[in-house]
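*Asks:* Sending over a structure as structure tokens; questions will come in a sec.
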Amino acid sequence: VASSVVRVFGAKRSALYRLEREAGGLVCIAAAGVGDPAQWHGQTFRLGEATVGRAAAEERSVWTPDVLVDPKISVPERVADRIRADGFRSVLAVPLKTGERIIGVLTLGDVAGRTYTEDELALLAAFVGQGAVALENSALYREIRDARDFLQSITENSPDAIITTDGPGRVTYFSRGAEAMFGYSAEEMIGTSVVDLYPGGREEARSVKRRLDEEGP
């Protein structure tokens, strides 16, 4: 998203910030354009600070023709030095929303005095939508990853035999407890049929499956 904004708008810099309330502000997760974009990764702005923080706090687009001399914009000196080095002064910051919730901010940086036409602002709205989707997906991914890691820590340390299968009954997970109980390693069992673990074989497995379908867990 950041790279496309730089290319399409001919801007010097674009950056995507994710709102992380636990971190106390907006964290840069992607940047593109002049200088070394990697220097901006991890840069954090408090709500209300600079154009990025104001856009999120006020839930509206914030534009300044020169971010370093605008009395309404407070820029930390460490960031001001980086802006001078990279050579952009005009900044447009647009909040990213999912529903009514602010989840991040997309910024464009260019030469002092750069303005934007109605057509450019309409086009920018499309990139804002892409940025919101990207941030929402990354948040969902992190939630799924954290849930997976949490469940994995439980199953790997449980003395119980915990086994999962796909629809046809092939083993997809075989816990350490299962290894101890059945005497097979997970490596041996993944991809094999679970019916081999039932004393009654396939008929018993079918009976259990039928009960699951009829009675639930």
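The values are calculated or read from the model by the stated rules, or taken from the named source; none is laboratory data. What you see is a predicted model, and the numbers here were worked out from it, not measured in a lab. Methodologically, a virtual Cβ is constructed for each residue, glycine included, from the backbone with ideal geometry; neighbour enumeration extends over all protein chains shown. Quick note on the areas: whole protein, heavy atoms, side chains included, nothing else; ligands and nucleic acids left out. Shrake-Rupley method; radii C 1.70, N 1.55, O 1.52, S 1.80 Å.
*Asks:* Using the heavy atoms of the protein chains alone and a 1.4 angstrom probe, what is the accessible area of segment 59-217 per residue in square angstrom?
*Replies:* 62
*Asks:* Select from A31, S207, Y116 the residue farthest towards the positive end of the dipole of the chain; place +1 on Cβ of Lys and Arg, -1 on Cβ of Asp and Glu, and compute about the Cα centre.
*Replies:* Y116
*Asks:* State the percentage of accessible surface on the chain attributable to carbon and sulfur atoms; use a 1.4 Å probe and exclude ligands, DNA and RNA.
*Replies:* 53
*Asks:* Taking the Cα centre of the chain as origin and charging only Cβ (+1 Lys, Arg; -1 Asp, Glu), how large is the dipole, in debye to the nearest 20?
*Replies:* 680
*Asks:* I need the shape label for segment 68-120. Rule: rounded when a/c is under 1.5, else prolate if a/b > b/c, else oblate, with a, b, c from the alpha carbon gyration tensor.
*Replies:* Taking the square roots of the gyration eigenvalues as a ≥ b ≥ c, segment 68-120 is oblate.
*Asks:* Distance between Cα centroids, segment 34-95 to segment 188-211: provide it in whole Å.
*Replies:* First find each Cα centre; the distance between them is then 61 Å.
*Asks:* On to the next question. Can you tell me the relative contact order of segment 1-122? Whole percent, Cα pairs under 8 Å, sequence separation 6 or more.
*Replies:* Computed value for segment 1-122: 26 percent relative contact order.
*Asks:* Tell me, Kirkwood radius of segment 143-184 from alpha-carbon pair distances, in Å?
*Replies:* After inverting the mean inverse Cα-Cα distance, the result is 11.0 Å.
*Asks:* I've got another one for you. Determine, at each q value in 0.13 (inverse angstroms), the log₁₀ of I(q)/I(0) that the Debye formula gives when each Cα of segment 115-215 is one equal point scatterer.
*Replies:* After summing over all Cα pairs, the log10 values are -0.65.
*Asks:* Please report, in whole Å, how far the alpha carbons of segment 24-114 spread along each principal axis, starting with the longest.
*Replies:* Answer, in whole Å and largest first: 36, 27, 21 Å.
*Asks:* Using a simple charge model, +1 on the beta-carbon of Lys and Arg, -1 on the beta-carbon of Asp and Glu, nothing else, what dipole does segment 157-217 show about its Cα centre, in debye to the nearest 20?
*Replies:* 100
*Asks:* Round to the nearest 10 and report in Å² the accessible area of R114, as given by a 1.4 Å probe over the protein chains' heavy atoms.
*Replies:* Looks like 40 Å² after rounding.
*Asks:* Which whole-number percentage describes the relative contact order of the chain, with Cα contacts under 8 Å and a sequence gap of 6 or more?
*Replies:* Relative contact order, the chain: 14 percent.
*Asks:* What number comes out for accessible area per residue over segment 1-47 if the probe is 1.4 Å? Units Å², please.
*Replies:* Value for segment 1-47: 45 Å² per residue.
*Asks:* Report the Stokes-Einstein translational diffusion coefficient (µm² s⁻¹, integer) for the chain, Rh taken as the Kirkwood radius over Cα pairs, at 25 °C with viscosity 0.890 mPa s.
*Replies:* In µm²/s, the coefficient rounds to 117.
*Asks:* Still on this structure: Based on DSSP H runs of at least 4 residues, each adding -39500 (n - 2.57), what is the mean residue ellipticity at 222 nm of the chain after dividing by all its residues, to the nearest 500 deg cm²/dmol?
*Replies:* -13500 deg cm²/dmol
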